[in-house]
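Accompanying notes for the structure given below.
The values are calculated or read from the model by the stated rules, or taken from the named source; none is laboratory data. Quantities reported herein were computed from a predicted structural model and do not represent experimental measurements. FYI the Cβ positions are ideal-geometry reconstructions off the backbone, even for glycines, and counts take in every protein chain you see.
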Amino acid sequence: MSAGLSRTGRSLILLAPLLVFLIGFFVWPLFSMMSQSVSDTAVLRLLPRSAEVLPGWDRKSRPTMPMQTALMEDLKAVDDDQALGDMVRRLNSARSGFRTLMSKTTSALGDPANPPADLVSIDKRWEKPEFWLAIADALSPLTDRNLLAAVDLGRNAAGDIEHLPADQSVNRVILVRTFWIAALVTFACACIGFPYAMIAASLHGWKRDLMLAAVLLPLWTSLLVRTAAWFILLQERGLINDLLQTLGLIDGPLPLIFNRTGVIIAMTHVLLPFMVLPIYSVLITIPKNLMPAAASLGAHPLRAFMRVLLPLSFRGVASGSLLVFISAIGYYITPALIGGPGDQMISSIIAFYATGSANWGMAGALGVVLLVATLLLYSVYARLSAEEPGRR
Amino acid sequence: MPMKLTKFTFASLTILFLVAPLIAILPLAFTSSVILTYPIPSWSLRWFEELFFADAWRRAIVNSLIIGTGTTLLATVLGTAASLGLRNRLIFFRGTIRTLFLLPMVVPAVVLGVGMQVLLAGFGLTNSYAGVIIAHTVVAVPFVVVSVTGALAGIDERVELAAQSLGASPTAVFRRVTLPLAMPGVASGAVLAFATSLDEVVLTLFVAGPNQRTLARQMFSSIRENISPAIAAAAFLFIAATIIIGLVVVLSRSMLAKRR
């Protein structure tokens, strides 16, 4: 008994370092990304006094004197320009006009020679409830606006969820595009990968080895190298256009790069091994004599294929398709290098929000959408590949 | 007969599609021209010179080696230890833990990158080698776990029990029996971890500063900004390294297969 316990203890000691490491540097980052997407403290941090007063306001009438005094004191107390900039950006995104209003207000408040009596005397706009509503709504530390905005939804003045106006609705287009490109790539991979795996499984010896090596070599080659190769080949004066022109098939160079065609070609090449290998591994377990048996019973080859081989290999096709689709929706490098502005997928937009405009809330919210989609599809894949082959 | 011809044509064309792009760019590494097009005017090694002596590229290569080595060590030690721990069937949530260990392979790199940047900024680890090595280890460790778990599954437990019954201490059994038998798996895991680190771009974009530019990162930005045949030279090195790594993995696998 004690030997069993000490063995378990040893196993736990061996597991612990990686477990701690991954919880710290894998699970926690994902959580902090998620919390970024719902956290909304840019305004609350700077306006603690207003946060006490504003909840008592009826959200309709003119701003009361205590509200104005509280906001004035809060703004006077701000000494961090960057935090002020974050707050103004946050407010301006809820209600345009805040940028000019705030800079006018803060400079008036900063003038010691001429202290303003209230905010309305600085700018008439402080009379309007809309601006106060924007502040009141921004004071809650949690928000769903980033998550809603990730799918082009927003809340109106009454707090109901509604579609954002068309000029702000960019994310849904990008989500649809991401899934569409991933679906096209999956389809292309299935169309090439299934027959390829079938031929490979039907061969023996060096021919089979050659076909498998042709799949493994690109799989092991750096993704960046493969993308660079397609970049070079697809150029206007690249090998493919040169070849087609030399053969006289086209007159001028085809536009192959910085567009959808190039992205699909390059991604299909990169992901094809993930389709071929699962299908191949299922096909080699199917007994060789099934097709001749179907034929001997009078089935047309096409019918035998549709009724025998295709259903038996379904698991491989499904695993391969899921694997390709999951990888494709998260792709960043290939669309970034081969695609044009109209081919950028959700990863590029996340990277843009994170590194380009430091909008961590939106980056996190779109990240949550991508993460949830990936994990859902992966759980289907894991269930599918956990099924014992040949159990049916 | 036409069926056979169709199959042959299809297979040949697909092999061409898979392999030709990788082969087609190799000669361009030796061009003397500044543009990446055929025909090649004359042969030259100037782009390899550029790669090894131009400051940006040389530093990128050195950084890749430092970060790759750090990642390989960390991922191999953590991954091997954890795989040994996972052998014990009495561990609670064994399946969940295993899934957690493999999940970094699945989560999109950009998503992990955003979270990692937020977190490492909190620790003051952005723009540091430690930060990049940690990030690379997270995505490299699943390969070590898969590889070592596979090798351990192939060990006949009776061999270990025999050693134990002959009076070997648990440490001696581990050192003299288990570890040598698992070694091919550990080695191929280490090689895959190094390869993962070498090829990693997205996390590097998020967590590395200008001083930790790796070769892959440098290739990414030079494809984006000013493409030159130095890319083809770097690709040449990568493909040559891939073939060597591939041979090492195949050899260690066949060693493993012979042992069984």
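What the table below lists for this structure:
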read-out: Long-range neighbours under 6 Å by Cβ, at least six apart or interchain, first residue touching a residue at least 12 places away in the same chain (Cβ under 8 Å) within segment A:260-280, second of a type in the set (D, E, K, R) and assigned to a helix (DSSP H, G or I); value: A:ARG260/A:ASP343; A:VAL263/A:ASP343; A:VAL270/A:ARG226
read-out: Residue identified as of a type outside the set (A, V, I, L, M, F, W, C), surrounded by fewer than 24 Cβ atoms within 10 Å (Cβ to Cβ) and facing chain A (nearest Cβ under 8 Å) among B:GLY79, B:GLY85; value: B:GLY85
read-out: For A:LEU71: the one exception among (1) under 30 Å from B:PHE123 (Cα atoms); (2) part of a helix (DSSP H, G or I); value: (1)
read-out: Failed item, numbered, when B:PRO180 is tested on (1) touching a residue at least 24 places away in the same chain (Cβ under 8 Å); (2) in a helix (DSSP H, G or I); value: (1)
read-out: Identity of the residue in segment B:197-214, part of a helix (DSSP H, G or I) and more than 9 Å from chain A (Cβ to nearest Cβ), that ends up surrounded by the fewest Cβ atoms within 10 Å (Cβ to Cβ); value: B:PRO210
read-out: Number of the condition not met by B:GLU200 [criteria: (1) more than 22 Å from A:GLY330 (Cα to Cα); (2) at pLDDT 90 or above]; value: (1)
read-out: Whichever residue in segment B:216-236 is of a type in the set (A, V, I, L, M) and facing chain A (nearest Cβ under 9 Å) and, among such residues, is farthest from B:LEU28 (Cα to Cα); value: B:ALA216
read-out: Test: A:LEU384 is surrounded by 20 or more Cβ atoms within 10 Å (Cβ to Cβ), more than 9 Å from every other protein chain (Cβ to nearest Cβ) and over 24 Å from A:SER93 (Cβ atoms); value: no
read-out: Filter pass, B:ILE15 being at pLDDT 90 or above and out of contact with any Leu (no Cβ under 7 Å at 6 or more places or on another chain); value: yes
read-out: Enumeration of residues in segment A:233-285 that are hydroxyl-bearing (Ser, Thr, Tyr), more than 10 Å from chain B (Cβ to nearest Cβ) and touching a helix residue (DSSP H, G or I) at 6+ places or on another chain (Cβ under 6 Å); value: A:TYR280
read-out: Residue pairs meeting the criteria (Cβ under 7 Å; at least 6 apart or on separate chains; first within 9 Å of chain B (Cβ to nearest Cβ), in segment A:1-13; second modelled with pLDDT of 85 or more); value: A:SER11/B:GLY85; A:LEU12/B:GLY85
read-out: Restricting segment B:96-112 to residues that are facing chain A (nearest Cβ under 7 Å) and more than 21 Å from B:ALA195 (Cβ to Cβ), the residue that is farthest from the chain's Cα centre (by Cα); value: B:ILE97
read-out: Flag for A:SER313 being of a type in the set (Gly, Ala, Ser), more than 9 Å from chain B (Cβ to nearest Cβ) and farther than 20 Å from A:PHE31 by Cβ; value: yes
read-out: Index of the failed condition, A:GLY340 passing every other in (1) out of contact with any Leu (no Cβ under 6 Å at 6 or more places or on another chain); (2) within 9 Å of chain B (Cβ to nearest Cβ); value: (2)
read-out: Residues that are at the interface with chain A (Cβ under 10 Å from one of its Cβ atoms) and closer than 15 Å to B:SER252 by Cα, drawn from segment B:171-196; value: B:LEU192
read-out: Members of segment A:113-150 that are in a helix (DSSP H, G or I) and touching a Pro at 6+ places or on another chain (Cβ under 6 Å); value: A:TRP132
read-out: Matching residues in segment A:52-68 - criterion: being crowded, with 20+ Cβ neighbours inside 10 Å and assigned to a helix (DSSP H, G or I); value: A:LEU54, A:MET67, A:GLN68
